[in-house]
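Since the structure comes first, as structure tokens, the remarks are kept for the end.
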Amino acid sequence: MRNYFASNEFVTPFWKDALASLPEAVQYRYVLQLRAAERWELAFGDLIELLSRASAGIGRLFHSPSRAH
């Protein structure tokens, strides 16, 4: 898992563009929420990847060769 909490910069262009699309007068109000949303999105992506790899590993663990006698 990557550490998304150490940086104050956006990792994905989507969230950086979302902040830039807001008027400058209100950007300061929403920057923390947008950073939190990005961290949640990245964390969920990592969780999905982890579960997918675990599922594939478990599947390989219990897979028996099709030509076994």
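Converting phi to 3J(HN,Hα) with the Karplus coefficients 6.51, -1.76 and 1.60 and the offset θ = phi - 60°, the range 17-31 yields 5, 4, 5, 5, 6, 7, x, 4, 5, 10, 4, 4, 6, 10, 4 Hz in sequence order, with x at every glycine or proline.
Using r as the Cβ-Cβ distance of Leu32 and Ser55, and R0 as 35 Å, what FRET efficiency do you calculate, to the nearest 0.05? The calculated FRET efficiency here is 0.50.
Less than 5 angstrom separates the built amide H of Phe10 from none of the residues sequence-distant by 5 or more or on a different chain. This model, with +1 at the C-beta of Lys and Arg and -1 at the C-beta of Asp and Glu, gives the range 5-54 a dipole about its Cα centre of some 100 debye. Each residue of the range 37-46 is assigned a 3J(HN,Hα), and the resulting list reads 4, 5, 4, 4, 4, 5, 5, 5, x, 5 Hz, derived from the Karplus form 6.51 cos²θ - 1.76 cosθ + 1.60 (θ = phi - 60°), x at Gly and Pro.
Throughout, read-outs are computed from the coordinates displayed, never taken from laboratory work. All values reported here derive from a predicted model rather than from experimental measurement. All Cβ positions, glycine included, derive from the backbone under ideal geometry; neighbour counts span all protein chains shown.
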